[in-house]
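Undergrad: Below is a structure I'd like to ask you about.
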Amino acid sequence: MLIGILSLQGDYQAHARSFSELGTPTCEVKKPRDLQHLNGLVIPGGESTTLIKLMDSSGLWLAVREYAVSGGALFGTCAGMILLADQVCNPPQRSMKLINIVVERNGYGRQIDSAEMVGDFPQSKDNPEMEMIFIRAPRIVSKGPEVESLAPCRGEVVLGRQDNVLVASFHPELTMDYRVHSYFVQMAS
């Protein structure tokens, strides 16, 4: 098992720490060749327009899309979710169209509106409550019927999955709760 973490920008080290706590090896992904032999790839938070530019210049935009289309598991958090969405608004921008969701950038407000909230993670029947950290978070405005809602928070879907693509509006890597990362490891196995 090897999980790659896109390491161009954003707090990718926090994801590496979360997987390390689970005993799952990770590697940094900075070039298309780094995608070889991965079981899964995380696209972390950061600034989505910057990530697009860096992925274009490194050749990773097309390589990541091909990785996903060939069945590779993807997990996008915050800006990563924006990049994987079918459509992005406020303002519109290019995306990979790998999960049938419409995403509103900064849907929960600006940096000053960042917040910790408690949502539900029903996959964890013994303790469904989950701390969720939202930082300039994108909001899932709508989702197709093929997108499974994995976690709601205040009546909105904040964690969703379509086939081999998992997305989160929040930052599970910034908490000591590793259930979402564990879910992704099982998904990538």
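Undergrad: Mind checking which pairs have a first residue in segment 117-128 that is among the charged types (D, E, K, R) and a second that is open to solvent by less than 80 Å² (accessible area, probe 1.4 Å) and assigned to a loop (DSSP other than H, G, I, E, B), Cβ under 8 Å, 6 or more apart or different chains?
TA: ASP120/PRO128
Undergrad: State the number of residues belonging to segment 1-28 that are under 26 Å from GLN186 (Cβ atoms) and touching a residue at least 40 places away in the same chain (Cβ under 8 Å).
TA: From segment 1-28, those under 26 Å from GLN186 (Cβ atoms) are 1-7, 10-28; that's our starting set.
Remaining after also requiring touching a residue at least 40 places away in the same chain (Cβ under 8 Å): 1, 3, 6, 10-11, 14-15, 17-19, 21-22, 24.
Count: 13.
Undergrad: Moving on to the next point. Could you list, in sequence order, all residues of segment 9-28 that are at pLDDT 95 or above, open to solvent by less than 60 Å² (accessible area, probe 1.4 Å) and in a loop (DSSP other than H, G, I, E, B)?
TA: The one that is at pLDDT 95 or above, open to solvent by less than 60 Å² (accessible area, probe 1.4 Å) and in a loop (DSSP other than H, G, I, E, B): THR24.
Undergrad: Which residue out of ALA63, ALA137 is of a type in the set (A, V, I, L, M), at pLDDT below 95 and within 22 Å of ALA16 (Cα to Cα)? Before the answer, list the steps.
TA: Values: ALA63 fails: at pLDDT below 95.
Only one candidate passes the filter, namely ALA137.
The values are calculated or read from the model by the stated rules, or taken from the named source; none is laboratory data. Keep in mind the model is a prediction, meaning the values are calculated, not measured. No Cβ is skipped: glycine too gets one built from the backbone with ideal geometry, and neighbour counts run over all protein chains shown. To get the accessible areas, we keep the full protein, side chains included, count just its heavy atoms, and leave off ligands, DNA and RNA. Shrake-Rupley method; radii C 1.70, N 1.55, O 1.52, S 1.80 Å.
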